[in-house]
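> Got a structure here, written out as structure tokens. Questions coming.
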Amino acid sequence: MEFQGFPRIHSIFYSVFDIIKGTVVKHQVPEASITNKTLIDFEAISEYVIPKKPLYKRLVTICTNGYKVMGCPVVLHDHEKYQHLRNEFRFNLCFVFEQDAETSSYEAIVRKLSRVFEGLELECNFLSQDVNSELQTVQNVIEQLFEDLNSYCECQIPINTFNTINLKLFPTYPNPQTVHDYHVPVCTVDIKKMMNSNWDITVQKVANLIDGINHVKRISELANVKPQWTRQSLEHMMYYGCVLLTDIFQYSNIYAVKPEITRLFDHKSGLVQECAKYIVLPNVPEISIERVYALYCGFKYGLTVKDWMEEQQVASLHVDERRIISFGVIKGLIYRVHKYPILTTTNESEVAMLSLPSSASDEVIINKNTGMPIYPDIIPFLDGKHHYDEICTALECSPQELDEQLLAIPNTKFQWKNTYPVDGSTLEPKPEWLALVKDDPILKVTPNTLTPDGIIQNADPSGNNTYCNWSWGGCVKPTDIVTCVDPKVWGTSFDDGPYEVTKDLLAYLKTINVKVTFFVVGKQVINNPEILRQAYDEGHEIGIHTWDHKELTTVSNEMVISELKWTELAIQDVLGVVPRLMRPPRGDIDDRVRYIAQQLGYVPAMWSVDSQDWRITAGGQTEAMLLANVTQWAKEAPTLKQGGNSLMHDLNSVTVGAAIKALPILHPHVQLSPVGTCAGWKNGSYQTATNASTSASVSSGAASPSSSVHVTPAGAVARDPTGTTLTSGSPAVGFNPMILTFVFNVFYFYYYYYLQ
């Protein structure tokens, strides 16, 4: 990581607590920069400069008016010395920076000065004497701090005969990534020229063996150094930007291009010229820039390096294929698509009884490096979490030997991961996904539009709800799951995760022995796969909530397919299963989206009651209001003819905290259940050969044509009202008060969420 320099200090001020005036600025530099509100409004933040007791001796950062104020407040107690100050002396030395400045290097400085000032006060009353006199000792100190740290990044300030303040700024870098045995370190500088006799012996031994080919475990063996010491040495070199990590080069590897490949076309950056010089063999003319483009654009999913070399005729170009790969990976132009073996038999007794090759069988694969059979050491690696590089490194075998052994093990499948869209890039569907959706007139329906304020505008030229849009009139179809079959069973679901805070929710659900449904967002799945795995392993149901939380009626058919299938792929990569349930973000679904979902094997899962928990942080809702609504649900639950189906979120600590308080209110009155279970599904929540159907028939738990269907406002319980309301795909006949309730609910939702 290249160091960008230290941020400039805009001001330093020394503040104390005056028993009459409150928090005041005693000294400042530049003069009047704080008291005259030149930079910040001090009065607005004074209660955080000299804060409540829990914040003392803690680093406190305040952002205001485009600036960042950093300090470490201190309080000293002495009944005799500070009796005129209510027995305590409170002060803070604060630094002011631009709000967006990277100030991590100053954190240690601020903490140290806080300790030094505290020590000086205890030793010689350096601060309190200054406060109670006209001496400018502290003023002199902060003036020199301001000038020296800004100009020289260090300072030496003598205080008296016995005390001197010595400070020096050091750059801080982010922690390096974790080093694994299968990684291959590549030097970014000539480490051997940098080494001297003062270097750690272990680091020297490791550094001498870095050649861009040896993996970490091999370096450990050659250097005769413990693996953990080898990894620590490499992490130390990575921290200072001397080493980068790449993967083991093999001709069976698969790579794919990233959107950053377009950087090659920027001639001003000089990247393509640098690449052309780097990849050619010695004493060979440089390769043309056009050929460099073609080489990198030739990488694609499913094509091995060996096949790529044949397609691109690399042998005739006099280039080093290893350097082409390493340059592309290090510069972020291409990425490795790893191969993961998965044993689909999950029952322990079945695993133990697998018909695996015996030692007398001709199918036994002998590891050429160890002379021992590869099995049974391979079984722990077949959970879908370990790729070929990791397994081959751990077992000291070649990919070919591993292939031969895995082919002899029944129920073993393979997945190639890390092929997901880069955040911010446009989702593109795979051709095989498009082929799953048969052509139909409904696909020609014009998508709705989304205003800059996030409001969905109906694109139906008639102005009616012709295509049964949930967002316009709460319309549902018999194929939508809205309520539960059994009135004593209550569907419970959480949307938008998984996040780190989901772990807290899982821990709580485990204590009350409740299973729920998690409708997950695809990009969150790849960010937190272990949390999704934990939820699945603990028996919770998993459903699809799109890749990027898009309003599905506002996007094209191809984008709807991409949003759903990319999320399915992410879930399948982590869990090895394909969900049947999908929930459209914001409930935004119409007949076009329903048809696509049905063609892909999904069942839309809506809700009958909405906790509106996300509005606690967005505005318009409080935790007390939410708990009151849930109390009303619990009170009215026994009167329902169908079980309720509640919507909550595991978005953040606020929504999860509210859920942990709300569920105990509901739990004693109804049986909390996953959505698929409450809908009466008997054949599972995940697609199999028997339940993955493209027929649009979901009887259990879905709204039937004769049943009344409506959307309830926050806090209300979905009853089974008499009279005609919004039914399956049809507009309401005559006036019904529920229509007015729905209109109010929509207005209430958009007002607080988008207009506040």
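Laboratory data are not the source of any read-out in this text; all were calculated from the coordinates shown. Bear in mind the structure is a predicted one, so any value in this text is a computation, not a measurement. Backbone-built Cβ (ideal geometry, glycine too); neighbour counts: all protein chains shown.
> With the crude spin-label approximation of a point 7 Å out along Cα→Cβ, what separation in nm comes out for Met625 versus Thr426?
Here the answer is 4.0 nm between the modelled labels.
> Rounded if a/c is under 1.5, else prolate if a/b beats b/c, else oblate: with a ≥ b ≥ c from the C-alpha gyration tensor eigenvalues square-rooted, which is the stretch 255-336?
Note, shape of the stretch 255-336 comes out oblate.
> Where Lys and Arg each count +1 and Asp and Glu each count -1, what net charge lies around Trp199 among other residues with Cβ under 13 Å from its Cβ?
+2
> Explain nothing, just the number: relative contact order of the stretch 11-168, from Cα pairs under 8 Å at least 6 residues apart, as a whole percent.
Relative CO of the stretch 11-168 lands at 20 percent.
> Taking only C-alpha pairs under 8 Å that are 6+ residues apart, what is the relative contact order of the stretch 184-246 in percent?
Value for the stretch 184-246: 49 percent.
> Further question: Using the Cα centre of the stretch 255-336 as the reference point, and only Cβ charges (+1 on K/R, -1 on D/E), how large is the resulting charge dipole? Debye, rounded to the nearest 20.
For the stretch 255-336, the charge dipole is close to 260 debye.
> Oh, and also: With +1 on each Lys and Arg Cβ and -1 on each Asp and Glu Cβ, how big is the dipole of the stretch 184-246 about its Cα centre, in debye rounded to the nearest 20?
Rounded to the nearest 20 debye, it is 120 debye.
> Could I ask something else about it? Please give me, ordered by residue number, the chymotrypsin sites (Phe, Trp or Tyr not before Pro) of the stretch 57-162 that lie in loop per DSSP and have at most 12 other Cβ atoms within 10 Å.
Of the chymotrypsin sites (Phe, Trp or Tyr not before Pro), the ones in loops of the stretch 57-162 whose Cβ has at most 12 other Cβ atoms within 10 Å are Phe162.
> What is the fewest-to-most order of Tyr536, Tyr293 by other Cβ atoms lying within 10 Å of their Cβ?
Ordered from fewest to most neighbouring Cβ atoms within 10 Å, Tyr536, Tyr293 come out as Tyr293, Tyr536.
> Between the alpha-carbon centers of the stretch 158-204 and the stretch 51-98, tell me the distance in whole angstrom.
When both Cα centres are located, 33 Å separates them.
> Here's a follow-up. Below 8 Å, C-alpha to C-alpha, sequence gap of six or more: please give me the relative contact order for the stretch 255-336 in percent.
47 percent
> Something else: Count the net charge of all other residues whose Cβ sits under 11 Å from the Cβ of Leu222, scoring Lys and Arg as +1 and Asp and Glu as -1.
Residues near Leu222 contribute +1 overall.
> Using the basic label-point model (7 angstrom from Cα toward the beta carbon), what is the Ile379 to Lys57 distance in nanometres?
5.4 nm
> Summing +1 for each Lys or Arg and -1 for each Asp or Glu, what net charge is found among the other residues whose Cβ lies under 14 Å from the Cβ of Arg323?
In short, -2.
> Rounded to the nearest Å, what's the spacing between the alpha carbon centres of the stretch 639-657 and the stretch 228-266? Just the number, please.
One Cα centre to the other: 44 Å.
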